[in-house]
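The values are calculated or read from the model by the stated rules, or taken from the named source; none is laboratory data. Given the structure is predicted, the values throughout are model-derived calculations rather than measurements. All Cβ positions, even for glycine, are placed from backbone atoms using ideal geometry, and neighbour counts span all protein chains on display. Just the protein is used for accessible areas: all its heavy atoms, side chains included, with ligands, DNA and RNA removed. Shrake-Rupley method; radii C 1.70, N 1.55, O 1.52, S 1.80 Å.
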Amino acid sequence: MYTLIDGKAIAAEMRSEIKRGVDGFKAERNREIGLAVVLVGENPASKIYVKNKIKACEEVGIKSYAYYLPENAPQSAVEELVSGLASDDNIDGILVQLPLPAHLDSVKVLSFIPTDKDVDGFSVENIGKLAMGEKCLVACTPNGVMKMLEYYGVELTGKRAVVVGRSNIVGKPMALLLLNANATVTVCHSKTRDLKAECLKAEVLVAAIGKEKFITADMVKEGAVVIDVGMNRDENGKLCGDVDFETVKDKCSYITPVPGGVGPMTITMLMYNTLQSALFRR
Ligand code: NAP
């Protein structure tokens, strides 16, 4: 019998805790905590993400500053905005919603975010610190996965963990976090030879691929902990993960659903990082 990891419930509990932290900060420092959210263009998914992030800020008492630039905004205008936010003391965290329109150099834009305001944890410095095992702002989705595992008391020391996916925003930081937690980590990707054999070794399997129901029961070890990061649409437009939940669940000790698993944790970790950033920066 498997245990369902309830991301929604953990996220709700964490948001109350974060709200207490934010209230305490405001009372002690006599100022607001500020998160700047920059959206360039009209990408409909990005608009929804930004709206949800602003709503989460309201819920935990963080002041959000939203900046909307037109689709054709030049590189210089985006850089100017971000560097202004970088030196603004009212702003504790800066988030540039990705993807940016194709004519913009997103790596260069992100380089204007100071390390201590990089609440997405995507900067070279924060990823480098994570690799060194130093305190830093950690990418929200993989850090949310770690909180979920911690919440359910999943022991990682000595465990064989397999991460499928090596993106800079999910797969790689996920692997580093699991390694820092003393798991023995394998990272798989599209060029991995015999993916099934690698997955079958996993006591903890994290799927971050972006392919609907890609991980099937024959790829999962009996008793594995399965974390599904994927957010895909099936043929009926319904949200589904990278794991074929219905066939896989009975082989697992723990499994996350989609929706209601990793998804609700991501924005919660953004709120967590913004509070951390305010506390680090003093
Ligand atoms: P991504 O940048 O497209 O990376 C996908 C990774 O999967 C790549 O490393 C790719 O390998 C690997 N891959 C693709 N096909 C494969 C195959 N056939 N066999 C093995 N590996 C394969 O995606 P991402 O940004 O990491 O996101 C992954 C998924 O997580 C997406 O569904 C996304 O929507 C979801 N996501 C969810 C949240 C959340 O809050 N829940 C947050 C972020 C992302 P190569 O490197 O070799 O190409």
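Observations on the model:
- Residue ID - farthest from S277 (Cα to Cα), chosen from residues in segment 54-89 that are of a type in the set (A, V, I, L, M) and in a loop (DSSP other than H, G, I, E, B): A73
- Checking each residue in segment 243-279 for being within 10 Å of the ligand (Cβ to nearest atom), farther than 16 Å from L4 by Cβ and surrounded by fewer than 23 Cβ atoms within 10 Å (Cβ to Cβ) picks out only I267.
- Of all residues in segment 117-146, those satisfying the criterion of being closer than 12 Å to L95 by Cα and of a type in the set (D, E) are D118, D120.
- Those residues of segment 1-35 which are charged (D, E, K, R) and assigned to a helix (DSSP H, G or I), in sequence order: K8, E13, R15, E17, K19, R20, D23, K26, E28, R29
- Helices (runs of 4 or more DSSP H) contained in segment 167-258 and holding at least 2 residues farther than 19 Å from E150 by Cα: 195-200, 245-248
- Residue match in segment 218-238 (condition: more than 16 Å from the chain's Cα centre (by Cα), under 26 Å from A12 (Cα atoms) and open to solvent by 70 Å² or more (accessible area, probe 1.4 Å)): yes
- Of the residues contained in segment 151-172, one or more are found to be without any contact (Cβ under 8 Å) to a residue 12 or more places away in the chain, under 25 Å from A12 (Cα atoms) and either of a type in the set (D, E) or open to solvent by 10 Å² or more (accessible area, probe 1.4 Å) (or both).
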